[in-house]
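Working notes for the structure below.
Every read-out reported here was derived from the displayed coordinates using simple, explicitly stated rules and does not represent laboratory data. These figures come from a predicted structure and were not determined experimentally. Note: ideal-geometry Cβ built from the backbone for every residue, glycine included; neighbour counts use all protein chains shown.
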Amino acid sequence: MPAFAPDAAYAAVLARDARFDGRLFVGVTSTGIYCRPICRVRTPRRENCRFFESAAQAEAEAFRPCMKCRPELAPPDPSLAWTTMDASRTLARQAAAWLEACDDAEASIEQLAEHLGITSRHLRRIFLAEHGVTPLQYLQTRRLLLAKALLTDTALPVQDVAAAAGFASLRRFNAAFVQHYRLQPSRLRAQRGAPAPGSEPTLRLAYRPPLAVDALLKFLAARAVPEVEQVDVAGRRIERSLALDVQGVRHAGGLAVRFDEAAGEVLLSLDASLWPAVGRVVALVRRWLDLDADPGPIAAHLQPLLPSSLPGLRLPGCLDRFELAVRAVLGQQITVAAARTLAGRLVGRLGEALPHGRRLFPQPMAVAAATRDEIAALGITGRRAETLRALAESWPRLRYAQQTLAREGSVAEALAELCELPGIGPWTAHYILMRGWSWPDAFPPADVVLRKQLAITERGAAATRAEAAAAARFSPFGSYAVLELWRTAP
């Protein structure tokens, strides 16, 4: 059952309240269908409604997803990845976040338990207590809903849909789909009228409005590296290259996202080479654009402290953590434009070429294999060249690179580990985690712009104390405060 009372849940359904989208699902006993609270079909009678916190709970009770409101499009619960709840609930929520990003058809609960540092038995117990379903039920629902979206919005062959959604075989996919939805996958496609072959496949990714699209696109446009990323602020569109490994297979190509502000959605298109990795790509894009943020609590906390703060401001993440870390190093003590120029040179020298004039950002092995002098020849100082090589050589061992999400205490550990690398100090480490881990409560220390914006005129230890006090006031949304202060700086 949801954390709110059934009568309150029904009131949200009556009002079609978008604030509950992704947090509340309503199962209708007379039809066997479950819907989002914003569904536009006729509102069911109260006595026919059952309420759930997740789609997985609804499907565990044998409800099928609505074809009209499409529960697979609901924005995920924003509390999954970062939470300040007690330890067991934190682990259960982070386990769900791991499953949301899971692309391994053979993923096991033992793997997840090892990742979280607990036993599989303890994981099952706390997961069931928090989410009302087992981890396997949760993962199965996530895969089936992704498959439903692919069948509806793309013309991918059913076998490719099964693989992209994380099923080990077409037989398993067909059996699970029929069992849960009482419909053959091919029948669903026939009913929904998927796009014709040859048209651009597009997935719809929902978010909670408002979203300050202009601010997000302008931030990314100022940092866009030629041949890697192109941002069209007026057209509300971003195109960029991406490479990632899924189950030991490398996929590389281009993707494009376009904001549909009227619908509250981002439209995602991929090169054919990336569709087999679509499950991983969707998770990366949602974090990159901060689509899972809940703007209400952020605004409620920051507006009294920063009255001019922009509603719907999002924290730009990244698609490639190594790329983000390299660009953070390149940006030390120089302008954003100069850092972008250096990154472009690095891409031109070490980045892999792709069709259509694109390049991939250099991978760790390529940077580690380059000599100090080769990197310095691009106009990068010798000291920073050494930092980049040290970062690349250490990459496989870094917590920042290995962890899918941050466990309790891991932020402090990752900060300390990054600061041990030559040429990386606290400011750079905070910035790397702020965007690379989408850490919502970063506050890069000794930032000149932040101190000026906050009128911190003290020096030395007194300035550090004043800065820490400001960070405490903005917590737990320090990163959003940082973005707002940077955005409004003269």
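Observations
- Excluding exposed DSSP-loop GluC sites (Glu not before Pro) (at most 16 other C-beta within 10 Å), longest clean stretch of the chain: 107-260
- Gyration tensor (alpha-carbon) shape descriptor, segment 238-333, a/c threshold 1.5: oblate
- The chain: calculated mean residue ellipticity at 222 nm from DSSP helix runs of at least 4, using -39500 (n - 2.57): -14000 deg cm²/dmol
- Mean Cβ count within 10 Å, highest first, over the residues of peptides 161-172, 25-36: 25-36, 161-172
- For segment 135-146, Karplus couplings with θ = phi - 60° (6.51, -1.76, 1.60), whole Hz, Gly/Pro x: x, 5, 5, 4, 5, 4, 5, 4, 5, 5, 5, 5
- Shape call, segment 109-224: gyration tensor on alpha carbons, a/c limit 1.5: oblate
- Partner lysines for Lys68 [C-alpha distance under 30 Å; skip if fewer than 8 residues away on the same chain]: Lys148
- Shape of segment 440-490, Cα gyration tensor, a/c cut at 1.5: oblate
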